[in-house]
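J.: Take a look at the following structure, please.
The values are calculated or read from the model by the stated rules, or taken from the named source; none is laboratory data. Treat the numbers as computed from the prediction; the structure is a model and nothing was measured. Backbone-built Cβ (ideal geometry, glycine too); neighbour counts: all protein chains shown. Heavy atoms of the whole protein, side chains included, go into the accessibility calculation; ligands, DNA and RNA do not. Shrake-Rupley method; radii C 1.70, N 1.55, O 1.52, S 1.80 Å.
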Amino acid sequence: MLAGCATVDTADPYAAEPIARHLERDDDVGYCARLFADIDRRVDALAVRDAEAPRIAGFPYLRVDRLGAELAPGAAADGPPRKAWLARLAALDDAGRTAELANAALPPDDLARCRVLLGAVDAPSFAALQSRARVPDAYSTGARAIGLYPVTQLLVAAGEARWQDDMRAAFALPVESLPLRGRLTRYGVRTAWPVPEVTFPVPVDALGLPAPSRLDRTVLLVRHAPLLEIDVGAEYDRPGELGLDGADLPVVDPAQPIAYTRVTHALFEDGARLQLVYTFWFSERPARDVLDPLSGRIDGLVWRVTLDKDGVPLVYDAMRPSGRHHMFFPTERVVARPQPDTLDERMFAPQGVRAPQRDEVVVLRVESGTHYLQRVSVEPRAQPSVRYQLDDDRRPTTLPRAGAGTRSAYGVDGLMPGTERGERHFLWPTGVASPGQMRQWGHHATALVGRRHFDDPHLLASYFTLRPAASAPTAP
């Protein structure tokens, strides 16, 4: 089981060439190699390793995510694409180390300079870097073998099918027939309207990725931020700000509603597409009964918008921050691909939704307690009852501690401590680490039967294709 759970970052990245060779040098290169190694030893001793993007064996001053791994072949030839790809890997390491150094109370020293120096010295080893820049999947083959996965998957698949049937029934109900436990409260983004226009298509970088300016990124996040219509039955239904308690366990303060955001990309047919990701956190998922395996501390909702090249939404999808209950909401711009007839979890789309006009907003109806989506609609933009702020999805990696200093809301394994669920005791044969537990970006396995990752850049392309141009709607 331990072998099946191993990832790129659990092995010693300093045991491989070329960094292993650099450690023996008595010059500036050796100094830089030992500086990275020393800082990594301190970070690991304090258990503050940032798990979002793993380090690369032999090149521990660089990190890789699934998108970077998919873009590696395009960087084979020396030139702008290679430089852009290397810069992406360096930026991932810088982001991870910024959190690690803050949480370990360590100064950055010469890390930026040394990263540049080591990158220049290691240029002849690019083929090795390219081949090792991979992210392992989030499934343990060993756990599946021990858990008799070929048999247990039948039971898990049946359970997931029942949940999907329940969701279809909920989405089929008229909105006015949905049960209410409390009071419907609308949460909308805090901003002044109208916001500036973003000119599409946005510029692309040397890797072919849309690269809007910082201002345009902010405008897009504001423009497409959803309106939450929540059945608020208790405090646990109010989205809030992540923080830490006295034991360094995550808590949610509903006094300040926040949507934690990130901008990423999907690789879709004729080019990359921008994706806007919004994560809302709740203080808990209360138990429906004494044996509720889904209840526990901290709950949440992740909402993602995939934009077409002209800025119009192509597909929406949603999940829990644990990776569970992944749902898709396609617009009229795409057509679902035929799916293979297997037990593996397929694309689940309980509802389609039309792309909103510029003066409209997507409304998410959220159930009390479970925080399940019950409906997705498009309405004219109006003032919400409560306003939420937008914040960077990386901020929870450096939260203030009750005493002094900072810590991440996530552990070195990418899981959020204290948010374990009872379902982990009987779903472990799926190979997913602690099913139901909240987790960091890059660690969301979204299928219990089969293998699927929320950050897979080819995910949408495997489920949808563009509607033929002759029948595609024009941009609003």
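J.: With the structure loaded, tell me whether residue 404 is within 25 Å of residue 328 (Cα to Cα) and among the small types (Gly, Ala, Ser) or whether it fails that test.
T.: On the way: within 25 Å of residue 328 (Cα to Cα): no; among the small types (Gly, Ala, Ser): yes.
No, not satisfied.
J.: On to the next question. Which members of the range 131-176 meet the condition of being open to solvent by less than 80 Å² (accessible area, probe 1.4 Å) and of a type in the set (Asp, Glu)?
T.: Across the range 131-176, the qualifying residues are 137, 160.
J.: For the range 243-273, name all the residues that are of a type in the set (A, V, I, L, M, F, W, C) and under 16 Å from the mean Cα position of the chain (by Cα).
T.: 259, 263, 266, 267 - these are the residues of the range 243-273 that are of a type in the set (A, V, I, L, M, F, W, C) and under 16 Å from the mean Cα position of the chain (by Cα).
J.: Just checking: which of the strands (runs of 3 or more DSSP E) contained wholly in the range 357-475 hold 3 or more residues that are within 22 Å of residue 267 (Cα to Cα) and not small (Gly, Ala, Ser)?
T.: It comes to 464-466.
J.: So which residues in the range 49-72 are small (Gly, Ala, Ser), farther than 13 Å from residue 440 by Cβ and either part of a helix (DSSP H, G or I) or in contact with a Gly (Cβ under 6 Å, 6 or more places away or on another chain) (or both), if there are any at all? Steps first, answer last, please.
T.: Narrowing the range 49-72 to residues small (Gly, Ala, Ser): 51, 53, 57-58, 68-69, 72.
From the residues that got through so far, the ones that are farther than 13 Å from residue 440 by Cβ too are 57-58, 68-69, 72.
68, 69, 72 - these are the residues of the range 49-72 that are small (Gly, Ala, Ser), farther than 13 Å from residue 440 by Cβ and either part of a helix (DSSP H, G or I) or in contact with a Gly (Cβ under 6 Å, 6 or more places away or on another chain) (or both).
J.: Something else: Among the residues of the range 366-407, how many are in contact with a helix residue (DSSP H, G or I) (Cβ under 8 Å, 6 or more places away or on another chain), over 22 Å from residue 441 (Cα atoms) and of a type in the set (Ser, Thr, Tyr)?
T.: Final tally of qualifying residues: 2.
J.: Look through 279, 264 and report the one residue that is open to solvent by less than 40 Å² (accessible area, probe 1.4 Å), touching a residue at least 60 places away in the same chain (Cβ under 8 Å) and within 21 Å of residue 350 (Cα to Cα). Full working, then the answer.
T.: Details: 264 fails: within 21 Å of residue 350 (Cα to Cα).
None of the others qualify; the one that does is 279.
J.: Could you check how many residues of the range 406-421 are surrounded by fewer than 19 Cβ atoms within 10 Å (Cβ to Cβ) and over 19 Å from the mean Cα position of the chain (by Cα)?
T.: 2
J.: Yes or no: the range 186-195 includes at least one residue that is under 30 Å from residue 429 (Cα atoms), charged (D, E, K, R) and surrounded by 14 or more Cβ atoms within 10 Å (Cβ to Cβ).
T.: Within the range 186-195, not a single residue is under 30 Å from residue 429 (Cα atoms), charged (D, E, K, R) and surrounded by 14 or more Cβ atoms within 10 Å (Cβ to Cβ).
J.: Could you tell me whether any residue of the range 301-317 is touching a Ser or Thr at 6+ places or on another chain (Cβ under 8 Å), of a type in the set (Gly, Ala, Ser) and buried (at least 18 other Cβ atoms within 10 Å of the Cβ)?
T.: no
J.: State whether the residues of the range 274-288 include one that is in a loop (DSSP other than H, G, I, E, B), more than 30 Å from residue 201 (Cβ to Cβ), within 16 Å of the chain's Cα centre (by Cα) and modelled with pLDDT of 95 or more.
T.: Within the range 274-288, the subset in a loop (DSSP other than H, G, I, E, B) is 286-288.
With more than 30 Å from residue 201 (Cβ to Cβ) added as a condition, the list becomes 286-288.
Filter once more, keeping what is within 16 Å of the chain's Cα centre (by Cα): none.
Checked the range 274-288: no residue is in a loop (DSSP other than H, G, I, E, B), more than 30 Å from residue 201 (Cβ to Cβ), within 16 Å of the chain's Cα centre (by Cα) and modelled with pLDDT of 95 or more.
J.: Moving on to the next point. Suppose we filter the range 15-24 for residues that are open to solvent by 10 Å² or more (accessible area, probe 1.4 Å) and assigned to a helix (DSSP H, G or I); how many remain?
T.: The number of residues fulfilling the criteria is 2.
J.: For residue 108, work out the one condition from (1) assigned to a helix (DSSP H, G or I); (2) out of contact with any Lys or Arg (no Cβ under 6 Å at 6 or more places or on another chain) it doesn't fulfil.
T.: Among (1) assigned to a helix (DSSP H, G or I); (2) out of contact with any Lys or Arg (no Cβ under 6 Å at 6 or more places or on another chain), residue 108 violates only (1).
J.: Now, a different point. Being closer than 30 Å to residue 99 by Cα, out of contact with any Gly (no Cβ under 7 Å at 6 or more places or on another chain) and open to solvent by 50 Å² or more (accessible area, probe 1.4 Å) is the requirement here; does residue 403 meet it? Don't jump to the end; show me each part of the working.
T.: On the way: closer than 30 Å to residue 99 by Cα: yes; out of contact with any Gly (no Cβ under 7 Å at 6 or more places or on another chain): yes; open to solvent by 50 Å² or more (accessible area, probe 1.4 Å): yes.
For residue 403, the condition - closer than 30 Å to residue 99 by Cα, out of contact with any Gly (no Cβ under 7 Å at 6 or more places or on another chain) and open to solvent by 50 Å² or more (accessible area, probe 1.4 Å) - is met.
J.: Of all residues in the range 447-471, which are open to solvent by less than 10 Å² (accessible area, probe 1.4 Å) and either among the β-branched types (Val, Ile, Thr) or more than 21 Å from residue 160 (Cα to Cα) (or both)?
T.: Of everything in the range 447-471, those that are open to solvent by less than 10 Å² (accessible area, probe 1.4 Å) and either among the β-branched types (Val, Ile, Thr) or more than 21 Å from residue 160 (Cα to Cα) (or both) turn out to be 449, 457, 464.
J.: Next up: Quick test for you: out of 27, 44, 12, pick the one residue that is at pLDDT 95 or above, open to solvent by 40 Å² or more (accessible area, probe 1.4 Å), under 28 Å from the mean Cα position of the chain (by Cα) and over 28 Å from residue 209 (Cα atoms).
T.: Values: 27 fails: under 28 Å from the mean Cα position of the chain (by Cα); 12 fails: at pLDDT 95 or above.
It is 44.
J.: Further question on the same structure: Restricting attention to the range 113-128, does a residue exist that is of a type outside the set (Lys, Arg), in a loop (DSSP other than H, G, I, E, B) and surrounded by fewer than 12 Cβ atoms within 10 Å (Cβ to Cβ)? Give the steps one after another, and end with the answer.
T.: Of the range 113-128, the ones of a type outside the set (Lys, Arg) are 114, 116-128.
Next, only the ones that are in a loop (DSSP other than H, G, I, E, B) stay: 122.
Subset that is surrounded by fewer than 12 Cβ atoms within 10 Å (Cβ to Cβ): none.
Checked the range 113-128: no residue is of a type outside the set (Lys, Arg), in a loop (DSSP other than H, G, I, E, B) and surrounded by fewer than 12 Cβ atoms within 10 Å (Cβ to Cβ).
J.: Could you check the range 282-300 and list, in sequence order, the residues that are open to solvent by 30 Å² or more (accessible area, probe 1.4 Å), among the hydrophobic types (A, V, I, L, M, F, W, C) and touching a helix residue (DSSP H, G or I) at 6+ places or on another chain (Cβ under 7 Å)?
T.: So the first thing to find is which residues in the range 282-300 are open to solvent by 30 Å² or more (accessible area, probe 1.4 Å), and the list is 283-284, 287-291, 293-294, 297.
Pick out the ones that are also among the hydrophobic types (A, V, I, L, M, F, W, C) and you get 287, 290-291, 294.
If the condition is that a residue be open to solvent by 30 Å² or more (accessible area, probe 1.4 Å), among the hydrophobic types (A, V, I, L, M, F, W, C) and touching a helix residue (DSSP H, G or I) at 6+ places or on another chain (Cβ under 7 Å), then no residue fits.
J.: Inspect the range 69-80 for any residue being under 27 Å from the mean Cα position of the chain (by Cα), within 22 Å of residue 433 (Cβ to Cβ) and open to solvent by less than 30 Å² (accessible area, probe 1.4 Å) and give the result as yes or no.
T.: Yes, the range 69-80 contains a residue that is under 27 Å from the mean Cα position of the chain (by Cα), within 22 Å of residue 433 (Cβ to Cβ) and open to solvent by less than 30 Å² (accessible area, probe 1.4 Å).
J.: Among the residues of the range 433-451, what is the count of those that are among the polar types (S, T, N, Q) and either more than 21 Å from residue 285 (Cα to Cα) or in contact with a His (Cβ under 9 Å, 6 or more places away or on another chain) (or both)? Write out each step before concluding.
T.: Taking the range 433-451 first, the residues among the polar types (S, T, N, Q) are 434, 437, 440, 446.
After this cut, where a residue has to be either more than 21 Å from residue 285 (Cα to Cα) or in contact with a His (Cβ under 9 Å, 6 or more places away or on another chain) (or both) as well, the list is 446.
Number satisfying all stated conditions: 1.
J.: Would you check if residue 376 is open to solvent by less than 50 Å² (accessible area, probe 1.4 Å) and closer than 20 Å to residue 193 by Cβ? Spell out the reasoning first.
T.: Numbers: open to solvent by less than 50 Å² (accessible area, probe 1.4 Å): yes; closer than 20 Å to residue 193 by Cβ: no.
Taking the combined requirement at face value, the residue does not satisfy it.
J.: Across the range 333-345, what is the number of residues that are crowded, with 19+ Cβ neighbours inside 10 Å and closer than 23 Å to residue 169 by Cα?
T.: 1
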